[in-house]
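Just below is one structure, and these are the notes that go with it.
The values are calculated or read from the model by the stated rules, or taken from the named source; none is laboratory data. Keep in mind it's a predicted model, so treat the numbers as computed, not measured. All Cβ positions, glycine included, derive from the backbone under ideal geometry; neighbour counts span all protein chains shown. All accessible areas refer to the heavy atoms of the entire protein, side chains included, with ligands and DNA or RNA removed. Shrake-Rupley method; radii C 1.70, N 1.55, O 1.52, S 1.80 Å.
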Amino acid sequence: MKKLLFLTVLSMLLAVNAAAEIKSGTCGANGANITWEYNTDNFTLTLTGSGAMTNYTPKKKAPWRKIKIESENQFISTQVENLQINGKITNIGDYAFEECTNLQKLKVEYPELISSIGTYAFSNCYSLNIEQTFTNATIGDYAFSGCTALQDEYGVIYLGKYLVEAAWDCNKNVVIKSGTTAILSGAFIGTDV
């Protein structure tokens, strides 16, 4: 009986230790009400609220790039696979998700409300796929630099009507798609195009 009780208590303790670890905080600019939460069970970073996100820099990193998950001894940014943006968020800040190297999916509740995607916002998110279009957004320089999963057969990244970036090793004969309304500054830096 004692052995059974011990095993039951031990299994309960192990189950508690294996439970999801939740981290959260705020990331709104100038008093904007935006909160974030990361759940280790489904590797999802969720932003909820309204207004503009904070703009970050290489020295002033987004919170998910500074906070470690204790059980994994890794920064949240190296684990996140899914990014969910809920509510009436109007911009994605500079450097916000830079080097979220395992980020695969971006889902925005109201993509038409996004007015800007900041400089280097998704830089080096190698596996990122985007199924939505941001029809009203201006896109900052290098916002999707290194997002190789977004490249077409010519090594070029398009978002809606914007030519965002060409890979350094892209084909020299890049065909500009019909309907392209803008080629972003720096789109062909480091290429032979």
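Only one of these is more than 20 Å from Ser123 (Cβ to Cβ), β-branched (Val, Ile, Thr), surrounded by 18 or more Cβ atoms within 10 Å (Cβ to Cβ) and in contact with a strand residue (DSSP E or B) (Cβ under 8 Å, 6 or more places away or on another chain): Thr90, Thr54, Thr26, Thr44. Name it. Reasoning before the result, please.
Numbers: Thr54 fails: more than 20 Å from Ser123 (Cβ to Cβ); Thr26 fails: surrounded by 18 or more Cβ atoms within 10 Å (Cβ to Cβ); Thr44 fails: surrounded by 18 or more Cβ atoms within 10 Å (Cβ to Cβ).
One residue alone meets the criteria, Thr90.
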The one condition in (1) aliphatic (A, V, I, L, M); (2) at pLDDT 95 or above; (3) more than 22 Å from Asn124 (Cβ to Cβ) that Ala32 fails to fulfil: (2)
Test: Ala96 is of a type in the set (A, V, I, L, M, F, W, C), at pLDDT 95 or above and not in a strand (DSSP E or B): yes
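Residue under question is Ile85, and the condition is that it be crowded, with 22+ Cβ neighbours inside 10 Å and over 21 Å from Thr148 (Cα atoms); does it hold?
Details: crowded, with 22+ Cβ neighbours inside 10 Å: yes; over 21 Å from Thr148 (Cα atoms): yes.
The answer is yes for Ile85.
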Pair list, Cβ under 6 Å, 6 or more apart: region 34-60 residue more than 16 Å from Gly140 (Cβ to Cβ) and free of Cβ contacts under 8 Å to residues at least 24 places away in the same chain, other residue open to solvent by 40 Å² or more (accessible area, probe 1.4 Å) and part of a strand (DSSP E or B): Thr35/Thr26; Thr35/Thr48; Glu37/Ser24; Asn39/Ile22
Residue within region 60-75 that is touching a Pro at 6+ places or on another chain (Cβ under 9 Å) and either open to solvent by less than 20 Å² (accessible area, probe 1.4 Å) or at pLDDT 95 or above (or both) present: no
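Confirm whether Ser145 is among the polar types (S, T, N, Q), farther than 26 Å from Gly49 by Cα and assigned to a loop (DSSP other than H, G, I, E, B). Don't jump to the end; show me each part of the working.
On the way: among the polar types (S, T, N, Q): yes; farther than 26 Å from Gly49 by Cα: yes; assigned to a loop (DSSP other than H, G, I, E, B): yes.
For Ser145, the condition - among the polar types (S, T, N, Q), farther than 26 Å from Gly49 by Cα and assigned to a loop (DSSP other than H, G, I, E, B) - is met.
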